[in-house]
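Reading through the structure tokens given below for one structure.
Derivation of every value follows stated rules applied to the coordinates shown; laboratory data play no part. All values reported here derive from a predicted model rather than from experimental measurement. Glycine also receives a Cβ, built like all others from the backbone with ideal geometry; neighbour counts cover every protein chain displayed.
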Amino acid sequence: MASTTQAAPAAHTGVKLPVLEREKLILNGRSYHWITERICGVVENKQPLLWWLLFIPSALIAAIGVGGGLFHLVSTGVGVWGNTNRVMWGWPIVNFVFWIGIGHAGTLISAILFLTRQNWRTSINRAAEAMTIFAVMCAGIFPAFHVGRVWFAWFLAPVPNANAIWQNFKSPLLWDVFAVSTYFTVSLIFWFLGMVPDLATIRDRAKPGLRKILYGIFSLGWRGGNRQWSHYEMAYLLLAALSTPLVLSVHSVVSFDFATSVVPGWHTTIFPPYFVAGAIFGGFAMVLTIMVPARFVYGLQDLITMKHIDNMAKIILLTGTIVGYAYLMELFVAFYSGAIYEMDAFKFRIAGPYWWAYAAMMSCNVLSPQVFWFRSCRENLWVVMAVAMCVNVGMWFERFVIIVTTLARMWLPGDWKTFSPSPQDQMLFVGTIGMFLALFMLFLRFLPCINIAEVKWTKLESDPHFDDKEHHPDHGAKPEAAYQKELA
Amino acid sequence: MSTTRKRVYGYLAEFKSASALYKAAEKVRDAGFRKWDCYSPYPIHGLDGAMGMKRSILPWFVFFGGMTGTATAFTLAYTTQVVIYPTVVQAKPANIFTIPAFFPVMFELTILFSGFTVLFGLLALIQLPRLNHPLFASNQFHRATDDGFFIAIEARDPKFSPAATRDLLAEIGGANIELVEEED
């Protein structure tokens with residue numbers, strides 16, 4: 001992609017080698033106004049037919065699956081789920097870990113790539129953060145109802161109760177409560193604060209009326225003065241710096257739920273990094289699954305460029321390979337430990353009645369991303385979408401393999417069972433997929449799906465020294481005025 | 001009807017680009033103004049220096065907010081696990097030496113309290129939310145969140161004078177200079 005070269009700047013002393021030109025993050029030299037128009041247009045214009053075709057079914061599925069499913073569950077009892085045997089974590093915890101993992105890509109893009117100054121994040125961070133919020137909402141449903149009697153879920157919070165019982169702060173399950181709720185809260189703050197200047201943009205474009213009032217309230221009266229920007233940028237930096245260890249801690253704590261229990265196949269130290277890499281891997285696949293179609297539907301190709309997709313494909317390749325390494329290392333450690341129970345657990349995973357789940361996990365997560373070694377595959381959106389779908393499926397199966405195959409063969413042979421999800425199980429999972437999609441569609445409809453202010457900031461001319469020939473002799477060589485004239 | 005008196009908020013001038021705004025800001029700063037601000041659709045790198053502003057003090061708020069979180073989590077865990085409800089589980093002692101098991105919650109609450117301090121500290125520092133502002137009465141100011149670059153000098157600045165400030169803004173390259181008024 002980045003193949004054209006340009007001469008080294010004249011001010012550069014020393015050996016003059018051709019410089020590989022940095023790929024533009026905004027194509028066709030789009031002006032500030034064009035960026036505003038295009039992104040706000042998604043919110044202001046009528047939604048395309050595809051939006052309705054996706055929103056109505058997913059909202060219905062959410063209403064039936066989550067609303068109806070949970071109503072049935074609560075009114076009948078948690079026994080309607082399929083985990084009434086030794087596979088007591090069963091389907092709900094598989095889905096919990098699956099959804100919470102999806103969220104991690106959003107925080108990685110918004111926090112870690114911000115700290116490492118990866119400017120390409122600006123085009124995708126808003127949508128990825130929205131995915132984080134919605135995925136954590138879907139995730140939270142499962143453990144909340146998995147506690148059995150959901151009206152006692154408040155027992156999770158350390159507040160005095162009539163039984164004078166206090167939570168066990170030494171338990172990873174309680175750590176999980178704190179980790180996930182902190183993650184949701186801080187992600188929400190990060191997402192909202194990041195959106196304030198863009199909400200102000202929509203407010204300033206709106207005609208007087210309800211829209212102006214509502215966006216006015218949510219943009220908090222933002223004016224875009226530098227005395228605001230200065231503190232705002234510091235706040236953003238702080239939130240990024242706080243979210244980075246937070247996101248690494250969340251899936252680590254989730255993995256502690258498994259790793260601290262003395263169960264063959266779970267009791268390993270590789271779990272925290274393995275879970276975090278897997279979460280980022282699965283999350284990026286979901287970002288691609290949603291953003292590749294969205295950029296076509298809303299004509300955002302100049303903002304979410306092939307460069308962005310290329311970068312995400314490379315991250316999927318990297319994290320997929322880390323996950324593959326973890327799978328193989330688990331097998332090696334099981335062999336090297338000499339512990340027969342550990343070895344049997346993995347033999348059972350690979351060759352037992354759940355071999356198909358293990359095969360699906362391996363082929364989807366480890367093999368399918370390997371095509372991204374080839375540039376032609378990273379540039380072919382059909383291949384990118386196919387791999388992203390594979391990864392979505394594969395990461396779900398990974399959690400299925402970890403939870404179900406392990407619990408189905410615990411210490412006592414009398415406990416051995418084969419798990420099958422009940423219709424209510426399946427209904428709720430499909431319902432959360434609908435809920436996730438429906439929420440994302442509402443997000444596209446009402447909120448700026450790309451970070452307008454930050455995307456503008458990545459333009460070359462946004463640098464106040466852009467036209468300063470003394471400091472930047474290489475800038476200003478390609479005036480963008482020609483494009484602006486064309487658009488005016 | 002027009003019994004409301006108008007009070008002058010200040011002058012608003014438009015600049016054509018980020019670099020023009022930057023150079024103008026240096027001149028307004030050197031002219032000694034205090035109550036003024038530069039408005040842009042995105043944060044401009046280095047403008048703090050050009051305006052003579054100090055680094056944000058928000059990190060200090062957040063440091064103490066975060067420490068409050070750490071202390072809260074430790075107190076919560078220690079009080080419940082050691083003082084009022086000691087239970088030996090996972091072969092961990094019911095005394096201070098069980099503290100490693102408290103670290104995850106201490107970490108999470110540090111982040112949670114810091115996150116809230118960022119939000120509320122920021123809102124306090126930038127004096128938001130507010131429902132209206134005199135500048136919103138301007139007919140061109142809406143472009144500050146789109147593609148406009150503005151400088152506003154407030155009338156309450158001691159150096160403000162209706163004629164000289166206008167001339168200064170014109171001299172440093174300001175266009176569409178507008179006197180912004182607010183209802184008193």
Note to self: Please compute the modelled spin-label separation between A:Q370 and A:L188, points set 7 Å along Cα→Cβ, answer in nm with one decimal.
What the structure shows: 4.4
Check: How big is the stretch B:91-160 in terms of Cα radius of gyration and Dmax, in angstroms?
Finding: 23.7, 72
Item checked: Nitroxide proxy distance, nm - points 7 Å out along Cα→Cβ at B:T75 and B:R156 -> 3.7
Check: What are the residues whose amide H is under 5 Å from the amide H of B:F149, where those residues sit 5 or more places off or on another chain and H is modelled from the backbone?
Finding: B:F15
Notebook entry, point to check: Which loop-located chymotrypsin sites (Phe, Trp or Tyr not before Pro) does the stretch A:358-405 contain, where loop means any DSSP state but H, G, I, E or B and the Cβ has at most 16 other Cβ atoms within 10 Å?
Noted result: A:F374
Check: Can you tell me the Rg and the Dmax, both Å, for the Cα atoms in the stretch B:58-125?
Finding: 14.6, 48
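Averaged across B:17-23, how many Cβ atoms of other chains sit within 10 Å of each residue's Cβ atom? Spell out each step's value before the answer.
Working: counts 5, 11, 9, 2, 2, 5, 2.
Partner Cβ neighbours, averaged per residue: 5.
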Item checked: Where trypsin sites (Lys or Arg not before Pro) fall in DSSP loop in the stretch A:101-173, at most 14 other Cβ within 10 Å -> A:R117, A:R149
Note to self: If you wrap a convex hull around the alpha carbons of the stretch A:231-316, what volume per residue comes out, as a whole number of Å³?
What the structure shows: 127
Check: Label points 7 Å out from Cα along the Cβ direction at B:F64 and A:Y325: separation in nm?
Finding: 4.4
Checklist line | Length released on extending from A:M306 to A:R149, taking residue separation times 0.36 nm less the Cα-Cα span | finding: 51.7 nm
Note to self: Check chain A for me: any Cys whose beta-carbon has no other cysteine beta-carbon within less than 4.7 Å?
What the structure shows: A:C40, A:C138, A:C377, A:C449
Checklist line | Proximal aspartates and glutamates relative to A:K307, as straight alpha-carbon distance under 12 Å, when same-chain residues fewer than 8 apart are discounted | finding: A:E23, A:E379
Notebook entry, point to check: How big is D, in µm² s⁻¹, for chain B by Stokes-Einstein at 20 °C and 1.002 mPa s if Rh is the Kirkwood radius over C-alpha pairs?
Noted result: 106
Check: Got a sec? Which residues in the stretch A:222-264 would a label at A:L173 touch, if it sits 7 Å along Cα→Cβ and we count backbone N under 18 Å?
Finding: A:253-264
Note to self: At a threshold of 8 angstrom on Cα-Cα distance, excluding pairs fewer than six apart, so keeping six or more, what relative contact order does chain A reach in percent?
What the structure shows: 30
Margin query: Per 0.36 nm of contour for each residue apart, how much would the distance between A:S261 and A:L27 grow if the chain were fully extended, relative to their Cα-Cα spacing?
Written below: 79.1 nm
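Once Rh for the stretch A:166-291 is found with the Kirkwood sum over Cα pairs, what is the Stokes-Einstein diffusion coefficient at 10 °C and 1.306 mPa s, in µm²/s?
90
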Next item on the list: Post the alpha-carbon centroid distance, the stretch A:37-56 to the stretch B:29-66, in whole angstrom.
Entry: 37
Next item on the list: Mind checking A:235-241 for the average number of partner chain beta-carbons within 10 Å of each residue's beta-carbon?
Entry: 6
Note to self: What number does the stretch A:60-120 give for Rg over Rh if you use C-alpha atoms and the Kirkwood radius?
What the structure shows: 1.23
Margin query: Bin width 10 Å, origin at 0, all Cα-Cα pairs of the stretch A:57-187: what percent of pairs per bin?
Written below: 11, 33, 33, 17, 6, 0
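Given a Förster distance of 25 Å, report the FRET efficiency between A:I64 and A:S420 from their Cβ-Cβ distance, rounded to the nearest 0.05.
Numbers: r = 22 Å, r/R0 = 0.86.
That pair, A:I64 with A:S420, gives E of 0.70.
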Checklist line | trypsin sites (Lys or Arg not before Pro) restricted to DSSP loop in the stretch B:119-184 with at most 12 other C-beta within 10 Å | finding: B:R130, B:R156
Note to self: How large is the convex hull of the C-alpha atoms of the stretch A:260-397 per residue, in Å³?
What the structure shows: 106
Check: Other chains' Cβ within 10 Å of B:75-83 residues: what's the mean?
Finding: 3
Notebook entry, point to check: Expressed as a whole number of Å, what is the distance separating the alpha-carbon centroids of the stretch A:231-279 and the stretch A:66-112?
Noted result: 19
Next item on the list: For an R0 of 30 angstrom, estimate the FRET efficiency from the Cβ-Cβ distance between A:N380 and A:V297 and round to the nearest 0.05.
Entry: 0.95
Notebook entry, point to check: Cα convex hull of the protein assembly as shown: how many Å³ per residue?
Noted result: 212
Next item on the list: Determine the shape class of the stretch A:333-385: with a ≥ b ≥ c the square roots of the Cα gyration tensor eigenvalues, call it rounded for a/c under 1.5, and otherwise prolate if a/b is greater than b/c, oblate otherwise.
Entry: oblate
